[in-house]
Each structure stands twice: as C-alpha cells, then as structure tokens.
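First the structure, in the form of structure tokens, and then the observations on it.
The values are calculated or read from the model by the stated rules, or taken from the named source; none is laboratory data. Because the structure is predicted, anything quoted here is derived from the model rather than measured. Backbone-built Cβ (ideal geometry, glycine too); neighbour counts: all protein chains shown.
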C-alpha cells in the first residue's frame, strides 16, 4: 500500500505514537500505512480509535450479526481496508469465518439465515446514497432484534460508513491482515446481471 494513499504516511513518533504502534502490532501483527496517514492529525486518530473501541464494546446486537453488518456496509461502500480488517477480526474473535468470507457475495451465498440476510440488507441499504432502508425492513428487524439491538445495528453501520468513506477518500487500501494470518481470500460477488437470491 505504500505510495498509493492520497496523503502520504508520516513517521509515527513520540510517546503516544509508540503506544499506538505497540497496540497495532499486538492487535494486528503490524503497523499499517493507514496509521501513518492518520498520524498527520493524532487528535483525529485518537478520537476515531476511542470511538471505534467504544462501538466494539456495545453488546445488544449479536457479535456475528454485528460483524456481518460491518462487512456488508464496507463491501457496499467499497472499502477494501475495512473488509479485510473485519474479516481478520472475525477470525481473531472466534466468529464464523466462512460466513465472514462470503459477505461480499452474500446475496449469492446459501450460508446465511433469513435474519442474517435482513441484517446485511439493512447495512447495505443504509450504506447507499441516499440511504434506502424501508419501513418494512425496519419493522421486521425491530420485531426480531428488539429496539436496543436495532438501534445498535444502525449506529454500528453508521460508524462503519464514516470509517470506510474516510479510508476511501484518503486512498487507504487493504493492509492484507487476513492474508498474513493464512485466511482464504474473501469471496467476490457475481458479475452484474447474474441472478441472486434475497
């Protein structure tokens, strides 16, 4: 990824920079270029990381559903960094790797339950511009998940959109976290025009 970002990475320095690099190596096994890009404004990096950690701690939505929603949002927006990171995180968190791997082509895959499909449909619809979430879909998810989990789903997808769109705008691409830990490559969607199941 070096040299492909729209803002060149800078050296991560200082005490806080050392902590950021140490945490990154512990959690990801590397210090991705994206941290060097974001290091141009450490306050923004710190606040986004803090908010991201808080979002990850929310617990009203099943972790597998949250992971699928995050990945579906990232796939819809087109953030390879987010897709790769969340696939890697699904592996590290003991979530269903096979389902995580198939998210980019979830409509063509037979792996998902009806609830999982609705959660990914919500994430996909919310990630479109303008958002395309319907009253009917919300009503079904409200009945299935309850208000607290549906609210969390919306907020998680919103945060993923903010992160993914920032990464895309800055030219931040996949850091190949999943490849480094030996995960099979993410599935790719069928070409446009191929029938898919809903």
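Quick notes on this structure:
- Scan of the stretch 100-118 for residues that are touching a helix residue (DSSP H, G or I) at 6+ places or on another chain (Cβ under 7 Å) and part of a loop (DSSP other than H, G, I, E, B), ordered by number: 106, 109, 111, 112
- Here residue 55 does not fit the description of being over 25 Å from residue 17 (Cβ atoms) and at pLDDT 95 or above.
- Residues that are within 21 Å of residue 174 (Cβ to Cβ) and not assigned by TED's automatic domain parsing to the domain that holds residue 112 number at least 2 in the following helices (runs of 4 or more DSSP H) confined to the stretch 31-99: 33-38, 42-57.
- So residue 7, is it assigned to a helix (DSSP H, G or I), modelled with pLDDT of 95 or more and either surrounded by 13 or more Cβ atoms within 10 Å (Cβ to Cβ) or not assigned by TED's automatic domain parsing to the domain that holds residue 143 (or both): no
Quick grid of which residues meet (1) free of Cβ contacts under 8 Å to residues at least 40 places away in the same chain; (2) farther than 26 Å from residue 35 by Cα; (3) in a helix (DSSP H, G or I):
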| position | (1), (2), (3) |
| --- | --- |
| 136 | yes, yes, yes |
| 139 | yes, yes, yes |
| 155 | no, no, yes |
| 158 | yes, no, yes |
| 168 | no, no, yes |
| 172 | no, no, no |
| 183 | no, no, no |
| 188 | no, yes, no |
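- One residue from 132, 125, 162, 143 being part of a loop (DSSP other than H, G, I, E, B) and free of Cβ contacts under 8 Å to residues at least 24 places away in the same chain: 132
- Residue list for the stretch 50-75, filter: in contact with a helix residue (DSSP H, G or I) (Cβ under 8 Å, 6 or more places away or on another chain) and either farther than 28 Å from residue 188 by Cα or surrounded by fewer than 21 Cβ atoms within 10 Å (Cβ to Cβ) (or both): 51, 52, 55, 58, 60, 62, 64
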